[in-house]
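A.B. asks: One structure, pasted below without further comment.
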Amino acid sequence: KARRIKEIKKKARLIMTEHTDWYVIRKAETGTEIPVAIQTYRAALRQATNDAETAINALTTIKSVRDYEPVWPKEPGEYGRD
């Protein structure tokens, strides 16, 4: 269970790093606001990871843990534009 949870958290971090971290860096460096769609997406990624951890901890077989796939949130553009 711990290994599968670690894999899922790593994937979530990778998604954030590759697709949305630059907004956070830009905010820190220039003060430019992070679009609401991006904030919503990042929060949804964190929630998906938390939900996955809860779900995995409730599973009872090795196969079900291995086969578990989280429900990832929609891409940021799908939340609408600011």
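A.B. asks: Here are some residues: E29, E18, E33. Which one is assigned to a loop (DSSP other than H, G, I, E, B) and open to solvent by 80 Å² or more (accessible area, probe 1.4 Å)? I'd like the intermediate steps shown before the answer.
C.D. replies: Numbers: E29 fails: assigned to a loop (DSSP other than H, G, I, E, B); E18 fails: assigned to a loop (DSSP other than H, G, I, E, B).
Step by step, each of E29, E18, E33 is checked, and only E33 is assigned to a loop (DSSP other than H, G, I, E, B) and open to solvent by 80 Å² or more (accessible area, probe 1.4 Å).
A.B. asks: Let me ask another. Note down all Cβ pairs under 8 Å where the first residue falls in the range 57-74 and is under 12 Å from I5 (Cα atoms), the second is of a type in the set (K, R) and open to solvent by less than 70 Å² (accessible area, probe 1.4 Å), and they're at least six residues apart or on different chains.
C.D. replies: Correct list of pairs: V65/R4; R66/R4; Y68/R4.
A.B. asks: Specify the residue that is modelled with the highest pLDDT; the eligible residues are those in the range 68-82 that are touching a Ser or Thr at 6+ places or on another chain (Cβ under 9 Å) and in a helix (DSSP H, G or I).
C.D. replies: Among those that are touching a Ser or Thr at 6+ places or on another chain (Cβ under 9 Å) and in a helix (DSSP H, G or I), it is P76.
A.B. asks: Is it fair to say K63 is surrounded by fewer than 11 Cβ atoms within 10 Å (Cβ to Cβ), in a helix (DSSP H, G or I) and at pLDDT 95 or above?
C.D. replies: Details: surrounded by fewer than 11 Cβ atoms within 10 Å (Cβ to Cβ): yes; in a helix (DSSP H, G or I): yes; at pLDDT 95 or above: yes.
Yes, satisfied.
A.B. asks: Which condition breaks for Y68 when tested against (1) open to solvent by 30 Å² or more (accessible area, probe 1.4 Å); (2) aromatic (F, W, Y); (3) within 15 Å of the chain's Cα centre (by Cα)?
C.D. replies: Every listed condition holds for Y68 apart from (3).
A.B. asks: State yes or no: is Y23 part of a helix (DSSP H, G or I) and under 14 Å from W72 (Cα atoms)? It would help to see each step written out before you state the result.
C.D. replies: Numbers: part of a helix (DSSP H, G or I): yes; under 14 Å from W72 (Cα atoms): no.
Considered against the rule, which asks whether it is part of a helix (DSSP H, G or I) and under 14 Å from W72 (Cα atoms), Y23 comes out as no.
The values are calculated or read from the model by the stated rules, or taken from the named source; none is laboratory data. Predicted model, so just to flag it, every value in this text is computed and none were measured. Please note: Cβ atoms are built from the backbone with ideal geometry, for glycine as well, and neighbour counts cover all protein chains shown. Heads up: the accessible areas ignore ligands, DNA and RNA and are worked out on the full protein's heavy atoms, side chains in. Shrake-Rupley method; radii C 1.70, N 1.55, O 1.52, S 1.80 Å.
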